[in-house]
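The values are calculated or read from the model by the stated rules, or taken from the named source; none is laboratory data. Because the structure is predicted, anything quoted here is derived from the model rather than measured. Every residue, glycine as well, gets a Cβ built from its backbone with ideal geometry; the counts of neighbours run over all protein chains shown.
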Amino acid sequence: MSALHDQKILLCVCGGIAAYKAAELVRRMIQAGAQVQVAMTASAGHFVSATTFQALSGRPVRTTLWDDAAEAAMGHIELARWPDRILVAPASANTIAKLAHGLADDLVSTLCLATDAPLAVAPAMNQQMWSHPATRANIDVLRGRGVLLLGPGVGDQACGETGAGRLLEPDEIVAALAQRAA
């Protein structure tokens with residue numbers, strides 16, 4: 001039995017081409033026995049649809065703080081209290097900066113600020129963005145707070161460059177989460 005069996009994982013999907021890998025990540029976490037709820041940024045919706053994640057997870061996907069039905073009962077607080085862990089994957093440079101500085105201007109950043117669940121971040125961005133001193137400083141802040149950093153991987157990137165910044169493969173992320181849960 002997997003260490004993720006019966007774990008409640010809130011997957012927060014951010015914008016970037018690596019968002020397409022989050023669909024396979026949902027599938028792999030469910031195969032490992034986890035319950036997966038997806039929340040996504042508006043930018044993520046430009047790369048992959050909420051319908052995809054709903055079909056894979058079997059749960060309605062949350063995309064905004066301004067959902068009248070969910071927010072009538074402070075749904076974002078309820079959702080922030082639900083998971084055993086939160087995984088932000090792919091984590092964009094923008095969302096990493098928000099998390100490091102305590103900003104809460106969208107559903108994903110608000111959920112991460114309103115929870116006491118352990119947080120894991122799997123970065124995905126252009127190698128130049130990853131190596132920028134601002135991003136490095138933001139990662140240091142998150143590490144200092146005990147956030148689990150998963151990656152990034154090194155290799156070919158969608159922009160045609162090569163270097164650090166790739167989202168780890170879904171199997172690598174699931175294995176790292178399972179190891180941490182064991």
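Once the stretch 12-34 is narrowed to residues that are of a type in the set (Val, Ile, Thr) and under 13 Å from the mean Cα position of the chain (by Cα), the residue that is nearest to THR110 (Cα to Cα) is VAL13.
The rows are residues; the columns are (1) modelled with pLDDT under 95; (2) under 26 Å from LYS8 (Cβ atoms); (3) of a type in the set (Val, Ile, Thr).
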| position | (1), (2), (3) |
| --- | --- |
| ALA91 | no, yes, no |
| ALA97 | no, no, no |
| GLY102 | no, yes, no |
| VAL121 | no, yes, yes |
| ARG145 | no, yes, no |
| LEU150 | no, yes, no |
| ASP156 | yes, no, no |
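LEU142 fulfils the conditions (1) closer than 22 Å to ARG27 by Cα; (2) not in a loop (DSSP other than H, G, I, E, B) except for a single criterion, (1). THR41 - would you say it is touching a Gly at 6+ places or on another chain (Cβ under 8 Å) and modelled with pLDDT of 95 or more? It is true that THR41 is touching a Gly at 6+ places or on another chain (Cβ under 8 Å) and modelled with pLDDT of 95 or more.
Taken over the stretch 158-174, the criterion of being of a type outside the set (Asp, Glu) and in contact (Cβ under 8 Å) with a residue 12 or more places away in the chain is satisfied by ALA158, CYS159, THR162, GLY163, ALA164, GLY165, ARG166, LEU167, LEU168, PRO170, ILE173, VAL174.
Taking the criterion of being surrounded by fewer than 18 Cβ atoms within 10 Å (Cβ to Cβ), touching a strand residue (DSSP E or B) at 6+ places or on another chain (Cβ under 9 Å) and of a type outside the set (Lys, Arg), the residues of the stretch 160-182 that qualify are THR162, GLY163, ALA164, GLU169, GLU172, ALA181.
Being surrounded by fewer than 21 Cβ atoms within 10 Å (Cβ to Cβ), modelled with pLDDT of 95 or more and not basic (Lys, Arg) holds for only one residue in ASP6, ASP84, and it is ASP84.
Residues in the stretch 38-60 that are closer than 20 Å to ASP105 by Cα and not in a loop (DSSP other than H, G, I, E, B): VAL38, ALA39, MET40, ALA44, GLY45, HIS46, ALA50.
For (1) part of a helix (DSSP H, G or I); (2) at positive phi, each residue gets a yes or a no:
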residue	(1), (2)
PRO90	no, no
ASN94	yes, no
VAL108	yes, no
VAL121	no, no
MET129	yes, no
ALA137	yes, no
GLY165	no, yes
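Each residue in the stretch 1-24 was checked for being more than 17 Å from THR63 (Cβ to Cβ), aliphatic (A, V, I, L, M) and outside any loop (DSSP other than H, G, I, E, B), and 1 of them qualify. Within the stretch 25-37, being assigned to a helix (DSSP H, G or I) and touching a helix residue (DSSP H, G or I) at 6+ places or on another chain (Cβ under 8 Å) holds for LEU25, VAL26, ARG27, ARG28, MET29, ILE30.
The set of residues in the stretch 134-168 that are of a type in the set (S, T, N, Q) and either touching a Ser or Thr at 6+ places or on another chain (Cβ under 8 Å) or more than 23 Å from HIS101 (Cα to Cα) (or both) comprises GLN157, THR162.
For the stretch 12-43, a residue qualifies if it is surrounded by 24 or more Cβ atoms within 10 Å (Cβ to Cβ) and over 16 Å from ARG166 (Cα atoms), and the qualifying residues are CYS12, VAL26, MET29, ALA34, VAL36, VAL38, ALA39, MET40, THR41.
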